[in-house]
Every structure is written in C-alpha cells, then in structure tokens.
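The structure appears below as structure tokens.
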Amino acid sequence: MTDEGLVYPGRSSNGNAVDVKMGGIYREDVHCNLPSIIDSGFIYVSFLVRVDSALTNGTYFIHLANGFPTYGYRGRVFVRDTSGFGNNIQFGLSKGSSSQVKWTTTTYSSNVVYLLVLKYEIVGDITGNDDIVSLFIDPDVTEPEPTNPNITNIDTCSDSPIGAIALRQGFHFFQRTSVRVDEIVIAPSWFDSLPVELTSFSASVTGNRVDLSWATATELNNSGFEVLRQSQKLNWEKIGFVIGRGTTSEKSKYSFIDENVIAGQYAYKLKQIDFNGAYQFSEVVNVEITNPNNFKLLQNYPNPFNPTTTINFQIQDAGIVTLKVYDILGNEVTTLVNEKKEPGNYTLSYDASNLSSGTYIYQLRMDGFVETKKFILIK
C-alpha cells in the first residue's frame with residue numbers, strides 16, 4: 001500500500017493505491033469478501049489503473065470471485081504489452097478461469113492513468129452459462145452507461161454468484177512487471193460505482209471576500225463538503241460545511257463565501273465526506289488578499305431595497321471605525337460598526353425591518369475621514 005494515489009480528471013484521489021508486482025515464481029491473491037453474496041442483477045467495479053509495465057503474453061490483475069476460501073474466478077481483467085516497449089498496452093477480459101480472453105482492439109500506453117469499469121451481469125439466475133461480463137475504459141462518467149462496452153465476453157463458462165473481489169499478483173520467470181490500482185468502488189448500478197466526481201473547483205477575490213465555487217458530475221452517498229482554509233502556510237482550519245445531494249447522477253453546483261478576510265495569502269480545499277464517514281480531498285486553490293490604498297464607502301446594493309441591503313467599505317490603515325445610520329433629519333437610527341479594524345475591504349448586511357419607508361443616510365468615520373451615502377427603503 002502507498003499513499004501516492006493515482007490522479008484522474010474529475011476524480012479526487014484519497015491515496016492508498018496498490019502496487020501489484022508481478023515476477024518470480026509465485027503468484028498470490030489478496031482478496032476481500034463482500035458484505036453479502038450477490039446472486040441476481042448487476043455488479044459494477046470501477047477503479048483507476050496505471051500500467052507501468054506488462055507481460056507480452058498477458059496476465060490478469062483484478063477479478064471477482066464467488067467468495068473465498070473457494071476459488072471460482074469471474075470477470076478477470078487482463079493487461080498485456082504487445083510491443084514489449086510499453087506503447088502498445090491492451091486490456092483483456094475473461095468471464096471465468098477456463099474461458100477465452102477477449103482483448104481490446106484499441107492500444108493504450110503505459111504510465112497513463114485510466115478509469116476502468118468492470119460489469120458482471122447475472123442473467124436470470126445463477127444456473128446455466130449465460131452471465132455476461134463487460135469492460136468500459138475511460139467512459140464519460142457524466143453520462144448514463146454506454147450502450148457499447150469496450151469489451152463484452154459471453155463465453156459459455158458456468159455462471160456463479162459473486163461474493164468477493166481480489167487483486168492478483170501474476171508471475172513470469174523472466175519478466176518482472178508492475179500495475180498500480182486505486183479507488184476501487186463496488187456497487188449494484190452504473191452511477192453508484194462512480195462516486196462524487198468533482199469536475200471543477202475555483203476561487204475568486206472581491207475586496208476582502210473570497211468566493212468559492214465547485215461542481216460535481218455525479219454523487220454517491222455524499223453527506224457534504226467541509227471547506228478548509230490555510231493562511232500563511234499554517235495549519236488547515238475548517239471554516240464551513242456545505243450539504244451535499246446524497247446520491248444523484250445529475251450535475252450539481254455549489255458555492256461558499258469567506259467574508260472579511262484580512263490581507264494575506266490563502267489556500268482552500270474541500271473535504272468531501274460520505275454518510276459512512278469516508279472522505280476525500282479536492283485539489284488546492286490559492287488566492288491573495290491585498291490591502292486597499294484609500295478610505296472609501298461604497299453605495300449599498302440593492303438600492304432601493306426591502307428589507308435588507310449590503311454595504312461595503314474599505315480602509316487603508318488600522319483604526320477605530322464607526323458606521324452609523326441616520327434619518328433624513330440627522331437623528332441617529334443605529335450603529336452598525338464601532339470597533340478597531342485592520343486595513344482591508346469589508347462587507348456587511350443590514351436588515352432595516354424596524355424602519356419605515358423613506359430616505360436614510362449612512363456614514364463612515366475613521367481618524368478624521370468621513371464619507372456619507374444615502375439609501376432608500378421601500379416597504
């Protein structure tokens with residue numbers, strides 16, 4: 001096991017990749033029994049794979065089984081290098097241990113990460129020999145299951161229930177090869193096998209406010225996203241949580257606003273958390289907040305408004321800042337700010353539910369600087 005997870009566009013990696021070394025005189029499986037035996041319907045296994053090197057005659061590296069300690073292998077995924085130089089990789093698929101291997105007609109390259117989805121279809125019941133295995137290579141995860149897999153194998157090998165998955169360390173006396181596998185997900189449907197697909201994550205700065213936005217193509221058991229911030233390269237801190245949409249095959253968009261951030265350099269990332277507590281991190285985005293070079297009160301928006309509006313102001317030096325609201329006759333209505341502020345841009349929301357309709361004045365003061373604006377409340 002290694003913490004250097006594979007990276008694939010739109011799919012966050014949480015590490016724990018597996019290096020499947022092949023060579024020597026031994027071959028072994030490492031297996032995991034499923035919570036229950038599956039004897040009807042479909043089994044989908046999605047995973048990332050990078051072939052560093054492969055045997056010219058091929059060997060399989062991942063497969064399903066009817067459950068250990070028995071050894072009825074089903075849905076074996078193979079790889080071979082037909083050129084011997086790593087630039088003509090082919091993936092293969094067999095239904096069972098005794099069935100013929102079908103190979104892709106397309107060739108692939110070593111040292112490239114691919115997304116593979118293995119599908120095992122139990123046709124009718126577990127008797128007979130009509131079950132079907134299929135393999136999809138780099139499918140569009142934002143779309144429904146493709147009509148035509150890259151490989152379909154309907155060999156007449158006997159059918160079997162599915163109760164386990166295994167990684168296989170193949171062997172060869174004269175060649176030593178290596179395959180890396182990561183992000184294995186097993187599920188009963190196409191979209192369930194493709195967990196939260198984060199397609200974008202970006203940050204933009206407006207004054208002292210950082211706007212984060214991200215989008216997903218699909219989601220599986222997504223509880224939500226912790227928003228994490230790192231300032232001046234110190235420890236990461238949680239600054240918010242955005243609820244996810246559980247399981248969905250539809251594209252979704254999210255946003256989060258980090259307000260009143262003082263000047264400096266910041267990094268942000270998302271921690272996507274499943275309902276069972278499993279999690280994965282997004283990529284990191286970086287922003288820089290700079291101090292303004294003047295004292296300024298901006299016009300509120302919207303204006304006119306009812307009953308809330310947003311007020312922005314900026315200060316170039318630290319000092320005691322007051323922001324007050326007056327009626328048209330000059331009578332003080334309320335104090336919105338009265339405290340020491342560091343240099344920066346500030347945003348606040350003002351709720352004027354307790355005021356009657358009319359024109360009002362809001363005034364910003366600091367160390368002899370004064371700026372005044374008017375707003376109109378309409379009810």
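The values are calculated or read from the model by the stated rules, or taken from the named source; none is laboratory data. Because the structure is predicted, anything quoted here is derived from the model rather than measured. Cβ coordinates were reconstructed from backbone atoms using ideal geometry, including for glycine residues, and neighbour counts include every protein chain displayed. Calculation scope for accessible area: heavy atoms of the full protein, side chains included, ligands and nucleic acids excluded. Shrake-Rupley method; radii C 1.70, N 1.55, O 1.52, S 1.80 Å.
Points worth noting:
- Qualifying residue in segment 348-368 (condition: closer than 18 Å to VAL261 by Cα and in contact (Cβ under 8 Å) with a residue 24 or more places away in the chain): yes
- Positions within segment 141-158 being acidic (Asp, Glu) and under 21 Å from TRP103 (Cα atoms), in sequence order: GLU145, ASP155
- Single residue of segment 22-57 satisfying the filter (of a type in the set (A, V, I, L, M) and under 19 Å from ARG74 (Cβ atoms)) that is modelled with the lowest pLDDT: VAL30
- Counting only strands (runs of 3 or more DSSP E) that sit completely within segment 320-379, those holding 2 or more residues that are of a type outside the set (Lys, Arg), over 43 Å from the mean Cα position of the chain (by Cα) and within 15 Å of PHE295 (Cα to Cα) correspond to 358-366, 369-377.
- Number of the condition not met by ASN150 [criteria: (1) open to solvent by less than 40 Å² (accessible area, probe 1.4 Å); (2) among the polar types (S, T, N, Q); (3) under 21 Å from TRP190 (Cβ atoms)]: (1)
- Condition broken by VAL196, with the remaining ones in (1) in a strand (DSSP E or B); (2) under 27 Å from ILE184 (Cβ atoms) satisfied: (1)
- Residues (touching a Leu at 6+ places or on another chain (Cβ under 9 Å), assigned to a strand (DSSP E or B) and under 27 Å from SER231 (Cα atoms)) located in segment 288-310: LYS296, THR310
- Count - residues of segment 241-267 that are open to solvent by 20 Å² or more (accessible area, probe 1.4 Å) and outside any strand (DSSP E or B): 7
- Some residue of segment 330-342 being exposed (fewer than 13 other Cβ atoms within 10 Å of the Cβ), within 26 Å of ALA263 (Cβ to Cβ) and either touching a Cys at 6+ places or on another chain (Cβ under 7 Å) or β-branched (Val, Ile, Thr) (or both): yes
- In segment 219-236, the residues that are in a strand (DSSP E or B) and open to solvent by 80 Å² or more (accessible area, probe 1.4 Å): TRP236
- Residue count for segment 300-329, restricted to those that are open to solvent by 50 Å² or more (accessible area, probe 1.4 Å) and farther than 17 Å from PHE369 by Cα: 8
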